[in-house]
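Here is the structure we will look at, set down as structure tokens.
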Amino acid sequence: MPGLDRRDELSSPVMGAELLERLRQGAVDLPDYRTGQPIEVTFAGAGETYVVWRVRHRSTDVLLRLPFDPAPDSQRSMVSEFAALGRVPQGLGPRGLSYSDTDENPLGLRHMLTTYLPGQAKTPTDWTDDDLAGLAGAFAALHRDTTDLHGPVDAPTGGSIDLVAEMDSTWQWWSQRQPDVVAEPEIAHLWERVREYVGARASVVARLTRFPLVHGDACATNVLIDHGVVRLIDWEWAEYSDPARDLALIGGEVYGGPWYVPMDSARVSLFLLTYARLAGLDGSALGDLDARRQAWLAYDRFMTGLLLETRARSLAGMGGHGEPDYRGAAITVRATLGSLLDRG
């Protein structure tokens, strides 16, 4: 899969040493830093599109994020993410400090510099009801201000959200890039079922006329919990959209891997009730809110399943390192998604 070798390269100790040297020379404008002063660079982790290094100097504590995908049409632009970070309520996410969306810079790499946030991402099975309540509060704060536009922060549009059209566009994207995967009979059949399921709920999404900033990828690995305080990282998919999208992304009836919190119907109801109360929603809005959540849930998990299947196949072709994790997650996502569709 594009970017996998590059991710290993950007995560390596060699890259860490190179970054340290370039940063010492002033390749990135670090807060309160003067060339030649002591500086510490440590590997902080790697996600699906970024490798992250933590940079510390005296009171300065920042993150240097390096995208590893050479074909950025599969991800949102840094311009959009950086614009979104400027609209996140204080303390809920990092502050964007600077970015370069080309390699033509003193660092020689595309990068984004943000503030560091404390906290740990919990494994899905370790999430408590208190954690979910904290996340509901974070979402309520994030979704407080709305606009009549939706889409990427740097290029929003008017009108309603056509969720089926968006799904079809994403399916077409996958069909062009991974034709062997989408042609699998099991996946093709599941696609038809998901499209019907989402279509039955799309009109509820289309009725929305006001749209808040949503995180857009608030899965468990992008939620940090620090002594009960919830913060969100990796705002790559942030945009103006349906708040139910965030409520679906954390987990629910469809799950798999380290990304999604398993939640039965009672836990989902408690989560939605907590969010509604903190967001000041009338109780009569809960039905539509959950219908929209279900639509986003099915849409997101199906497309996530395609990503997991593609990643598993790619890793298998490279010798299988890490392949069972993605394969197992893909199987679990498809199985739990099928159960959701069976219930209608």
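Here is how the numbers come out for the structure above:
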| item | result |
| --- | --- |
| Which of Gly252, Thr209, Pro262, positive extreme of dipole for the stretch 197-313 (C-beta unit charges) | Thr209 |
| Vicinal HN-Hα couplings computed from phi for the stretch 252-259 (Karplus, 6.51 cos²θ - 1.76 cosθ + 1.60; Hz; Gly/Pro x) | x, 6, 10, 8, x, x, x, 9 |
| Inter-site label distance for Glu18 and Arg6 at 7 Å from Cα along Cβ, in nm | 1.3 nm |
| In the stretch 173-231, trypsin sites (Lys or Arg not before Pro) in a DSSP loop with at most 11 other beta-carbon atoms within 10 Å | Arg207 |
| Carbon plus sulfur fraction of accessible area for the stretch 147-258, probe 1.4 Å, in percent | 51 percent |
| Per-residue [θ]222 nm for the chain (sum of -39500 (n - 2.57) over DSSP H runs n ≥ 4, rounded to 500) | -14500 deg cm²/dmol |
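The values are calculated or read from the model by the stated rules, or taken from the named source; none is laboratory data. This is a predicted model, so every value here is computed, not measured. Here Cβ is always computed from backbone atoms with ideal geometry, including for glycine, and neighbour counts include all displayed protein chains. Keep in mind that these areas ignore ligands, DNA and RNA; they rest on the heavy atoms of the full protein, side chains included. Shrake-Rupley method; radii C 1.70, N 1.55, O 1.52, S 1.80 Å.
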